Structures are given as structure tokens and as C-alpha cells.
1. Per residue, what accessible area does the chain have, given a 1.4 Å probe and all protein chains present, in Å²?
2. In whole Å, what are the extents of the chain along the principal axes defined by its C-alpha atoms, from largest to smallest?
3. Residue farthest toward the positive end of the dipole of the chain, with Cβ of Lys/Arg at +1 and Asp/Glu at -1: which of 9, 63, 77?
4. What is the calculated FRET efficiency for residue 56 to residue 3, with r their C-beta to C-beta distance and R₀ = 22 Å, to the nearest 0.05?
5. Return the Rg/Rh ratio of the stretch 47-88 with Cα-based radii and a Kirkwood Rh.
6. Rounding to the nearest 20 debye, state how big the charge dipole of the chain is about its Cα centre with +1 on each Lys and Arg Cβ and -1 on each Asp and Glu Cβ.
7. Tell me, what HN-Hα J-couplings in whole Hz come from the Karplus equation 6.51 cos²θ - 1.76 cosθ + 1.60 at θ = phi - 60° for each residue of the stretch 65-72, using x for Gly and Pro?
8. For residue 34, what accessible area in Å² do you get when you roll a 1.4 Å probe over the heavy atoms of the protein chains, rounding to the nearest 10?
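The values are calculated or read from the model by the stated rules, or taken from the named source; none is laboratory data. Since this is a predicted model, take the numbers as computed values, not measurements. Quick reminder, even Gly has a Cβ in these numbers, built from the backbone with ideal geometry, and neighbours come from all protein chains shown. Heavy atoms of the whole protein, side chains included, go into the accessibility calculation; ligands, DNA and RNA do not. Shrake-Rupley method; radii C 1.70, N 1.55, O 1.52, S 1.80 Å.
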Amino acid sequence: MLTLTPKELTSLLEKTPEKVDLIDVRGTGEYSEVRIPEARNIPLHLLPMRMNEIDKTKQVIFICRSGGRSGQACLFAENAGTKGYNLA
């Protein structure tokens, strides 16, 4: 699984935000409490049904609170043919 540090993400968002698809896989309640402004919410349990919403031409980065759910999202995406990064 590919990982990205917060510092690397910050650099990407500063330099080429148009090339990043940032997906927050937490539940909607967690997402509404605190989030990265550039991220959109696709809860992990809905990801299999919403994979068509992910822009495969961009660098897909999955995020959550601790890395567990985003790691699962990466594995699911890879099995579906999409390369994803887990935010460490």
C-alpha cells in the first residue's frame, strides 16, 4: 500500500491541487466535525458503490482519523484497479 505523509500532502495541495482527489472515508458525522477543506466525503461502507465518482486521472488519497479505514479504502481501490494513497 502506498502512503503519503501530511507534509507531502500539504506540498501537493500547494503545488498541484488540481491533480489530487482527496477522499475522506470517515462517517458523515465525523466528517462534519472536522475535515480538510479540499476533501470530499465518501464513507468507507459506501465506497464500493461509489467508486465511479473517483477521478482515476488524479492522485487519489484516502484519509480518516487514524489510517485504518483509509488503509482499507486503499486496498479496496487497488482491488478495483485504482491506485490509492493512504494518508499516514
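1. Working: 5160 Å² over 88 residues.
Heavy-atom SASA per residue in the chain reads 59 Å².
2. Here the spans come out as 31, 31, 20 Å, largest first.
3. Toward the positive end, the furthest listed residue is 77.
4. For R0 = 22 Å, the calculated efficiency reads 0.70.
5. Across the stretch 47-88, the Cα-based Rg/Rh ratio is 0.93.
6. The dipole of the chain has a size of about 120 debye.
7. Result, rounded to whole Hz: 6, 10, x, x, 5, 5, x, 5.
8. 100
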